[in-house]
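The numbers here are math on the coordinates, done by the rules we state, and not lab data. Quick caveat, the model's predicted, so the values are computed rather than measured. Note: ideal-geometry Cβ built from the backbone for every residue, glycine included; neighbour counts use all protein chains shown.
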Amino acid sequence: MLAIYALAVIISAGLIGLYVRQILALLGFVPGLAAGAFVVLAVGSVFAALELFFMAVLRLYRPTRDRATLVTESISCLAALIFIPYLLHVRIPWPSSRLERVESLIYLFAFAGLHLLVKLGRFYASLEGTPSRRISAAGWGAAAAACVALAYVGALSWMGEAERARSVATSEARSYRVGDEFARARPVMEGALLRGRLSDEEGQVLSLRLANLPDAQEARKYDRAYLNVHLIGDETKVYQSSARLRETGWVELRVPSSYFPSRAREYEVRWTRKGEANWLGMLGIRPIVYNVPERPGASPLPPAKLLISGPSLYRERAAAKLPNFLVILVDGLGASHVSMLGYERQVTPSLDRLGYGGLVFPNAYAREGPQAAIASLLNAARQGARAEDPSGTASIATLLQAGNYATAAFSEAKSEADANRIQALFGSGFDLVDVGRGLSADPSQAAAGSRATLERARAWIASHSDVTFFCVLRLRELEDPQPSERYDTVYPEEGGRMRDVDLFDNALLHLDRQIGALLKYIRDHDTRSTTCIVVTSLFGHDFSLDQAGNRLTLPSERVPIFLHVPGGRSGRQPRQASLADVAATIAALADTRLEAPAEGRNLLN
């Protein structure tokens with residue numbers, strides 16, 4: 001009789017193990033045949049251990065010699081035969097779709113009901129059986145302990161097989177455009193690990209950006225992503241969050257410094273389409289694969305993928321002693337067209353206020369043209385102290401990015417080809433490059449002008465006020481100003497024909513107001529005492545000196561540089577300066593070093 005009971009336990013343990021294995025496979029926890037076998041072993045051993053432990057308790061409480069007890073126990077175990085239709089994918093015509101969705105639970109509850117009902121009868125039957133000695137309980141207990149050990153081995157083997165089968169994101173990051181925003185990213189399959197190193201500095205923030213793949217034919221689009229970040233140090237801390245994905249740009253998620261363990265050394269990032277139960281994380285169980293059928297017998301879905309940019313390490317503002325940097329480049333603004341530098345019309349009140357509170361360099365020169373001028377501003381040295389861009393020229397953005405700064409560039413593209421040129425110009429060293437179409441040919445977008453760029457930059461600064469940041473804006477509205485309803489007709493003052501210089505001054509006055517709104521936001525918030533502001537230009541416009549007021553064909557090389565350092569000096573500096581000096585100054589303020597040959601010099605010296 002004992003052999004029959006043992007056979008019944010083995011059969012029921014195997015069926016329950018297969019049932020749990022099938023459910024775990026649908027959830028993405030069983031990546032292969034070996035892992036499935038270990039699941040069956042672990043779950044079956046747990047069931048067998050519970051059965052044997054129950055027999056040991058009964059032998060201690062009311063030992064009996066009656067064979068009927070073993071028969072009853074065999075019948076209760078064989079209730080697991082009810083799982084066979086589920087395991088064979090037999091389709092049941094359920095009267096409701098809700099019942100079909102919980103089919104696996106119906107089988108589980110049916111088994112539990114039958115099993116416990118027969119077992120309850122077995123318990124009461126033992127009370128009337130022929131008494132026996134309690135010493136037999138030791139044998140049942142030893143058998144239960146052996147099954148527990150077997151379950152432990154099976155569980156460890158299953159988790160080991162699962163982790164070995166887990167995919168790891170190893171592809172190189174490259175530039176992807178989502179909406180009007182470029183970022184360096186890589187496609188990461190759902191459940192795959194994205195690993196990286198951490199430093200044990202205080203006040204770190206881990207940031208990453210998510211987006212759907214831009215090619216709709218390559219992957220499905222998803223509305224929401226759930227993020228799991230394991231931070232490994234003296235202990236392992238888990239940060240969980242979710243985000244609604246955007247069609248027009250990247251969504252950023254950040255892990256606060258409070259989640260970092262002491263002596264943090266490594267992170268593991270994983271995303272899923274559905275949130276995971278907290279108890280899974282407590283047990284250290286993580287889904288492995290997701291290209292599995294939605295229901296038994298169905299074809300598997302293609303692997304789900306998202307773009308992940310980063311992760312990047314930022315320095316928390318509260319723990320930082322270094323300033324933020326905001327650089328505004330106003331294309332077309334010459335030094336001769338700034339009111340505080342002698343221009344007769346009051347067209348730059350916001351810039352004048354910034355200049356009176358800081359240093360002004362009226363004799364700065366940009367002789368290389370716009371693209372070369374940006375390269376001069378960003379790439380002030382051949383060799384960097386801590387990082388290099390792919391061309392081998394260290395940019396100030398690359399240096400600050402390596403120093404845990406959040407970096408972003410905002411500009412305006414007039415066409416698709418122009419957007420790609422801007423991305424190539426700003427791409428190295430910037431976490432995000434925004435090429436908004438405020439100046440495009442589309443009237444619904446062109447009406448915004450540079451104001452849209454400034455608003456997006458302000459939103460980015462607001463969302464990064466808790467970390468150190470380096471933000472560059474290139475405003476192109478004055479590059480070739482055209483008549484627009486957004487400009488107030490201030491000039492000519494007494495009516496008359498609109499000259500080139502009048503149109504430019506109206507556009508400049510409008511743009512100065514928009515820049516002033518951003519500078520006011522900086523003044524009105526905590527960023528006032530921590531942000532260095534630079535305003536300059538890549539070239540200026542010259543106008544004829546006679547009454548015609550026509551714009552000259554050749555641009556002016558003389559541009560202004562406004563430099564505002566919180567708590568720093570103020571005044572006009574007549575010495576010559578260049579855009580390369582801006583990079584050298586920022587490097588000095590950020591306590592980083594540009595190795596020779598560096599073209600620029602610190603404007604504060």
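The table below gives the values:
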read-out	value
Distance in nm between pseudo-label sites at T236 and L99 (7 Å out along the Cβ direction from Cα)	4.2 nm
The range 348-598 - Rg over Rh from alpha carbon coordinates, Kirkwood radius	0.96
Label point distance in nm, L604-K321, each placed 7 Å from Cα along Cα→Cβ	1.3 nm
Rounded D (µm²/s) - the chain, Kirkwood Rh over Cα pairs, Stokes-Einstein at 20 °C, 1.002 mPa s	74 µm²/s
Qualifying GluC sites (Glu not before Pro) for the range 160-196 [loop in DSSP, other Cβ within 10 Å: at most 15]	E172
DSSP-defined antiparallel bridges as percent of all bridges, the chain, nearest 5	70 percent
Net +/- balance of residues flanking S262 in space, Cβ distance below 9 Å, scoring K and R +1, D and E -1	-2
Eligible aspartates and glutamates near K119 by straight Cα distance, threshold 12 Å, same-chain separation 8 or greater	E51, E73
Cβ-defined net charge surrounding G154, 14 Å radius [Lys, Arg +1; Asp, Glu -1]	0
Order of M159, M498, M55 - criterion: other Cβ atoms within 10 Å of each residue's Cβ, fewest first	M498, M159, M55
Two-site FRET efficiency, M498 against Y259, from Cβ-Cβ distance with R₀ of 45 Å, rounded to 0.05	0.15
Relative contact order %, the range 2-165, counting alpha carbon pairs below 8 Å whose residues are six or more apart	41 percent
Least to most buried among Y491, Y405 (fewest other Cβ within 10 Å first)	Y491, Y405
Residues Y152 and H89, FRET efficiency given R0 of 35 Å [Cβ-Cβ distance, rounded to 0.05]	0.65
A548 paired with A112, simple spin-label distance in nm, labels 7 Å along Cα-to-beta-carbon	9.2 nm
Packing-based exposure ordering (other Cβ within 10 Å, fewest first) of H525, H564, H464	H525, H564, H464
Taking the chain and dividing mean pair separation by its residue count, relative contact order in percent (alpha carbons under 8 Å, at least six apart)	15 percent
In the range 453-498, the GluC sites (Glu not before Pro) that fall in loop regions by DSSP, at most 14 other Cβ within 10 Å	E485, E493, E494
Linear extension gain, L50 paired with A6, 0.36 nm per residue minus alpha-carbon span	14.5 nm
Per-residue [θ]222 nm for the chain (sum of -39500 (n - 2.57) over DSSP H runs n ≥ 4, rounded to 500)	-12000 deg cm²/dmol
Rg/Rh (Cα only; Kirkwood hydrodynamic radius) as it applies to the range 152-242	1.01
Efficiency of FRET between S167 and R345 - r from beta-carbon atoms, R0 41 angstrom, step 0.05	0.05
Restricting the range 441-520 to trypsin sites (Lys or Arg not before Pro) in coil, as DSSP defines it, with at most 12 other Cβ within 10 Å	R497
Nearest 10 degrees, 0 to 90: helix 103-128 Cα axis against the chain principal axis	30 degrees
